[in-house]
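Student: One structure, pasted below without further comment.
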Amino acid sequence: MPRLRFGAFLAPHHPIGEHPTLQIRRDIELVEHLDRLGYDEFWCGEHHSGGWETIASPEMFLAAAGERTSRIMLGTGVVSLPYHHPFNVAQRIVQLDHLTRGRAMLGVGPGALPSDARTLGIDPAVQRNRMDESLGVIIRLLREDRPFSYHSEWFDLVDAQLQIKPLQEEMSIVCASTISPAGMKAAGKYGVGVISLASTSSEGLAALSTQWSFGETYAAEHGNVMDRSKWRINANWHVAPTREQAIEEIADGLQRWQNEYNIHILGRQGAEPFTDARAAATRMANADGSLIGSPEDVLTGIKRLQELSGGFGTLIGFAHDWASREAQYRSYEMMARYVIPRAQGLLEPVQRSADFVHEHNRELMEQAGQAVLSAIRQHNATHPREGSPSGG
């Protein structure tokens with residue numbers, strides 16, 4: 001496997017009460033912060049209802065973020081394909097790729113919120129099949145050089161071809177995967193990557209290896225091979241100097257997110273309200289594969305995620321408002337300074353060098369001292385009238 005990569009996923013999930021313009025500007029500042037810290041990827045989603053997830057066009061947001069960043073890859077996480085004509089999706093991602101000078105990634109899904117589908121008059125029963133059909137057409141538009149026509153019950157193409165192709169020779173394309181096999185099925189069918197978005201839950205964690213097997217099954221049926229380096233896993237993380245501090249910083253925000261959004265607004269089935277914020281945060285921090293705590297705790301959690309999944313290529317942190325902005329920024333910085341270099345093996349040669357010098361410091365210092373004395377003696381021998389210098 002190549003070196004593990006790191007990124008962030010912004011749904012976004014912002015509590016109601018803040019000026020929407022300032023929320024969007026803060027989100028762009030977050031992308032800038034991650035770019036400065038050297039993160040590899042940033043993803044943001046598409047939603048149209050519910051009040052908390054307020055980015056309707058990830059492409060427009062990422063185009064603005066692209067002007068304020070220089071190296072971080074920018075992905076739609078995700079475009080809900082049943083909501084759009086596939087030709088328009090293909091054109092927008094190509095334009096984003098050129099605007100960002102080859103940093104665009106296309107993430108697709110069927111649409112997460114039933115309220116969004118209802119607004120557009122779409123039957124939830126057709127969403128996954130429409131995502132699959134649309135993705136196949138989009139891939140053809142991005143990769144084929146001849147015009148083609150296509151008729152569907154919900155869109156038509158007549159001698160369709162893109163005026164410009166992506167700047168990248170091979171743009172990253174990923175399917176969103178939850179507990180349903182639909183995302184893995186599409187990834188296997190079309191030979192593209194995966195971003196697992198339900199792995200923030202205990203059910204999602206337990207299903208990771210099963211989800212991957214779904215992808216391998218469908219890939220084999222279509223003559224493709226699933227590539228674990230193209231598998232992105234989304235997880236909750238928050239890093240602080242100690243586990244206790246991390247728990248304290250996220251407790252109130254976590255409770256608000258669960259009670260106000262997941263239960264009151266969305267009405268998620270099986271979700272239970274949190275009555276004790278600190279106890280809920282403690283349970284999350286102590287869960288298998290948790291990435292909440294000190295740098296050591298998070299490194300342990302990453303290793304456990306690798307074991308549970310069988311191996312993946314990119315860890316995507318869920319960008320939440322559980323902690324204060326200052327604590328969030330410090331968490332991303334601590335992740336970049338103390339967790340990522342160890343997870344990527346960057347500190348091993350540094351430590352080997354330090355250990356070698358420590359083990360041989362006496363002989364090295366003796367050799368250096370002898371060299372200084374030798375230089376003094378040589379000087380005194382050739383310049384006796386000047387006397388002995390005070391140093392080497």
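Student: Could you count how many residues in region 36-52 are farther than 23 Å from VAL339 by Cα and surrounded by fewer than 23 Cβ atoms within 10 Å (Cβ to Cβ)?
Tutor: Here the count works out to 6.
Student: For GLY289, state whether it is crowded, with 19+ Cβ neighbours inside 10 Å, within 17 Å of the chain's Cα centre (by Cα) and in a loop (DSSP other than H, G, I, E, B).
Tutor: Against the criterion (crowded, with 19+ Cβ neighbours inside 10 Å, within 17 Å of the chain's Cα centre (by Cα) and in a loop (DSSP other than H, G, I, E, B)), GLY289 qualifies.
Student: Given ASP297, ASP321, ASP355, which one is part of a helix (DSSP H, G or I) and in contact (Cβ under 8 Å) with a residue 12 or more places away in the chain?
Tutor: Details: ASP321 fails: part of a helix (DSSP H, G or I); ASP355 fails: in contact (Cβ under 8 Å) with a residue 12 or more places away in the chain.
The match here is ASP297.
Student: Ok, one more. Run down ARG25, ARG71 and say which single residue is closer than 30 Å to ALA343 by Cβ, among the charged types (D, E, K, R) and surrounded by fewer than 16 Cβ atoms within 10 Å (Cβ to Cβ).
Tutor: ARG71
Student: Using the structure shown, decide if GLY121 is within 29 Å of GLY66 (Cα to Cα) and in a loop (DSSP other than H, G, I, E, B).
Tutor: no
Student: Go through (1) crowded, with 18+ Cβ neighbours inside 10 Å; (2) under 30 Å from VAL174 (Cα atoms) and name the single condition THR300 misses.
Tutor: Exception for THR300: condition (1).
Student: Sticking with this one: Would you point out which residue out of ALA343, ALA319 is surrounded by 13 or more Cβ atoms within 10 Å (Cβ to Cβ), of a type outside the set (Ser, Thr, Tyr) and within 30 Å of GLU18 (Cβ to Cβ)?
Tutor: One residue alone meets the criteria, ALA319.
Student: Against the condition surrounded by 18 or more Cβ atoms within 10 Å (Cβ to Cβ), more than 26 Å from GLY270 (Cβ to Cβ) and out of contact with any Asp or Glu (no Cβ under 7 Å at 6 or more places or on another chain), how does VAL225 come out, does it pass? Before the answer, list the steps.
Tutor: Details: surrounded by 18 or more Cβ atoms within 10 Å (Cβ to Cβ): no; more than 26 Å from GLY270 (Cβ to Cβ): yes; out of contact with any Asp or Glu (no Cβ under 7 Å at 6 or more places or on another chain): yes.
When the stated conditions are applied, VAL225 does not pass them.
Student: So if I check each of ASP97, ASP116, which one is crowded, with 16+ Cβ neighbours inside 10 Å, of a type in the set (Asp, Glu) and in contact with a Lys or Arg (Cβ under 8 Å, 6 or more places away or on another chain)? Write out each step before concluding.
Tutor: Details: ASP116 fails: in contact with a Lys or Arg (Cβ under 8 Å, 6 or more places away or on another chain).
So the residue among ASP97, ASP116 that is crowded, with 16+ Cβ neighbours inside 10 Å, of a type in the set (Asp, Glu) and in contact with a Lys or Arg (Cβ under 8 Å, 6 or more places away or on another chain) is ASP97.
Student: Please tell me if ARG342 is at pLDDT 95 or above, over 17 Å from the mean Cα position of the chain (by Cα) and closer than 25 Å to LEU208 by Cβ.
Tutor: Considered against the rule, which asks whether it is at pLDDT 95 or above, over 17 Å from the mean Cα position of the chain (by Cα) and closer than 25 Å to LEU208 by Cβ, ARG342 comes out as yes.
Student: Still on this model: Among (1) of a type outside the set (A, V, I, L, M); (2) under 16 Å from the mean Cα position of the chain (by Cα); (3) modelled with pLDDT under 95, where does THR314 come up short?
Tutor: Unmet for THR314, out of (1) of a type outside the set (A, V, I, L, M); (2) under 16 Å from the mean Cα position of the chain (by Cα); (3) modelled with pLDDT under 95: (3).
Student: Identify the residue in region 270-294 that is out of contact with any strand residue (DSSP E or B) (no Cβ under 8 Å at 6 or more places or on another chain) and of a type in the set (Val, Ile, Thr) and, among all such residues, is farthest from SER331 (Cα to Cα).
Tutor: So the residue we want is THR275.
Student: Against the definition (on the phi > 0 side of the Ramachandran plot, of a type outside the set (A, V, I, L, M, F, W, C), assigned by TED's automatic domain parsing to the domain that holds THR178 and out of contact with any Cys (no Cβ under 7 Å at 6 or more places or on another chain)), how does ARG92 come out, yes or no?
Tutor: No, not satisfied.
Student: In region 348-390, which residue that is among the charged types (D, E, K, R) and over 47 Å from the mean Cα position of the chain (by Cα) is modelled with the lowest pLDDT?
Tutor: That would be GLU386.
Student: A follow-up question, please. Could you tell me which residue of region 234-268 is surrounded by the most Cβ atoms within 10 Å (Cβ to Cβ), considering only residues that are β-branched (Val, Ile, Thr) and in contact with a helix residue (DSSP H, G or I) (Cβ under 7 Å, 6 or more places away or on another chain)? Give the steps one after another, and end with the answer.
Tutor: Going residue by residue through region 234-268, those that are β-branched (Val, Ile, Thr) are 239, 242, 247, 250, 263, 265.
Still in the list and also in contact with a helix residue (DSSP H, G or I) (Cβ under 7 Å, 6 or more places away or on another chain): 239, 247, 250.
Details: VAL239: 27, ILE247: 24, ILE250: 29.
The qualifying residue surrounded by the most Cβ atoms within 10 Å (Cβ to Cβ) is ILE250.
Student: Hey, another quick one. In region 155-171, which residue that is closer than 20 Å to ASN88 by Cβ and not aliphatic (A, V, I, L, M) is surrounded by the most Cβ atoms within 10 Å (Cβ to Cβ)?
Tutor: First, the residues of region 155-171 that are closer than 20 Å to ASN88 by Cβ: 155-168, 171.
Those left that are additionally not aliphatic (A, V, I, L, M): 155-156, 159, 161, 163, 165-166, 168.
Numbers: PHE155: 16, ASP156: 12, ASP159: 8, GLN161: 14, GLN163: 6, LYS165: 18, PRO166: 20, GLN168: 17.
Looking at the filtered set, the residue picked out is PRO166.
The values are calculated or read from the model by the stated rules, or taken from the named source; none is laboratory data. Small disclaimer: the values here were computed from a predicted structure and weren't measured. A quick note on method: Cβ atoms are made from the backbone with ideal geometry, for glycine too, and the neighbour counts reach across all protein chains shown.
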